[in-house]
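The values are calculated or read from the model by the stated rules, or taken from the named source; none is laboratory data. Please read all numbers here as calculations on a predicted model, not as lab measurements. Virtual Cβ from ideal backbone geometry, glycine too; neighbours counted across all protein chains shown.
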Amino acid sequence: MRRKVERISMALVEIIKTIPEVDSILLNESAETDIVNPYFFLSLDVYCRGSFPGVNKRRTLFENAGAFESSHVNVKDRFFMEDIPVRIEYKKKDRIDTIINDNEGNLWAFHDNGTYMFYRLQNGLIMYQQSDWIDTVRKKISYLPETFWAALRESSMRSMEHYLVDLSSAALNSDNLFYIVSLSGYLKYLCSFMFIINRKFEPSRRRLADQIMKLDIIPENFAGRFDSLIREDTEFPPSRKREVAKLLTKSLIYLF
């Protein structure tokens, strides 16, 4: 089965690299997951010069694909190739360069997904490159200034504290829906904060649980408190989780 995955990956790359605008193609680590794992899929990041190929052209390129669909929010295609789920996302080199060269002036780019953009650039397997652009990018993001990390740290802490207030209010008002939404936001920025403190790029949220406990810098009692927040347990209703979140947030302040 692994040979099948490799064969299809290479076949996709051979097709994509015929697009004149393509500079680099990276295969993301989701392809390394066991094929029977629900998290398995082939994910390719395609970095382009100038404009992207239109959806009709891309659909024609993958004429043998099944269930082809395209997102108009991000230039992303999803389909099946010989029953293997595939996701291809097209990205502009110029946008990446702008964010890297003025990372502090473009903090908005990290608000929703943390530093996952850089994680993909750093860890994706290079399947094709027409220039040394991806090598240059990797060198740049390996030496980001301390001011960048400090700005991200402040931003993630503010967002975390915002969601802490919301989940506390929701717990006191027995508003279950708002509580769940607020706890989700709190956990999202909590994880971002932990990776920022460790000067590591944030992985896919599918891999957060695997990697967050392996970080070098973790506050005392973090593991137990984090587990209390994410597990379903009648002994930890919203009122108790609210107190745990307060203690956890307080412990993070000493990491500044």
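Key figures
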item: Checklist (1) in contact (Cβ under 8 Å) with a residue 24 or more places away in the chain; (2) assigned by TED's automatic domain parsing to the domain that holds D45 applied to T136, failing item; result: (1)
item: Residue in the stretch 107-122 that is of a type in the set (D, E) and at pLDDT 95 or above present; result: no
item: Output for the stretch 121-140, where each listed residue is out of contact with any strand residue (DSSP E or B) (no Cβ under 6 Å at 6 or more places or on another chain), surrounded by 19 or more Cβ atoms within 10 Å (Cβ to Cβ) and under 11 Å from N28 (Cβ atoms); result: L121
item: Sole residue being under 19 Å from S204 (Cα atoms) and in the same structural domain as W133 (by TED's automatic domain parsing), chosen from D77, D83; result: D77
item: Residue in the stretch 192-199 that is without any contact (Cβ under 8 Å) to a residue 40 or more places away in the chain and either of a type outside the set (A, V, I, L, M, F, W, C) or surrounded by fewer than 18 Cβ atoms within 10 Å (Cβ to Cβ) (or both) present; result: yes
item: Members of the stretch 37-85 found to be among the hydroxyl-bearing types (S, T, Y) and within 18 Å of the chain's Cα centre (by Cα), listed by number; result: Y39, S43, Y47, S71
item: Residues within the stretch 149-165 that are without any contact (Cβ under 8 Å) to a residue 60 or more places away in the chain, in contact with a helix residue (DSSP H, G or I) (Cβ under 7 Å, 6 or more places away or on another chain) and surrounded by fewer than 18 Cβ atoms within 10 Å (Cβ to Cβ), tallied; result: 2
item: Candidate set from the stretch 97-111 (those that are aliphatic (A, V, I, L, M) and closer than 15 Å to S192 by Cβ); member that is farthest from the chain's Cα centre (by Cα); result: L107
item: Matching residues in the stretch 1-38 - criterion: being free of Cβ contacts under 8 Å to residues at least 24 places away in the same chain and among the polar types (S, T, N, Q); result: T33, N37
item: Odd one out for D97 among (1) among the acidic types (D, E); (2) surrounded by 11 or more Cβ atoms within 10 Å (Cβ to Cβ); (3) outside any helix (DSSP H, G or I); result: (3)
item: Positions within the stretch 47-94 being part of a helix (DSSP H, G or I) and under 19 Å from N28 (Cα atoms), in sequence order; result: K93
item: Some residue of the stretch 208-218 being in the same structural domain as L164 (by TED's automatic domain parsing), touching a Pro at 6+ places or on another chain (Cβ under 9 Å), of a type in the set (D, E, K, R) and without any contact (Cβ under 8 Å) to a residue 40 or more places away in the chain; result: yes
item: Failed item, numbered, when Q122 is tested on (1) outside the structural domain of F236 (by TED's automatic domain parsing); (2) under 30 Å from P237 (Cα atoms); (3) not aliphatic (A, V, I, L, M); result: (2)
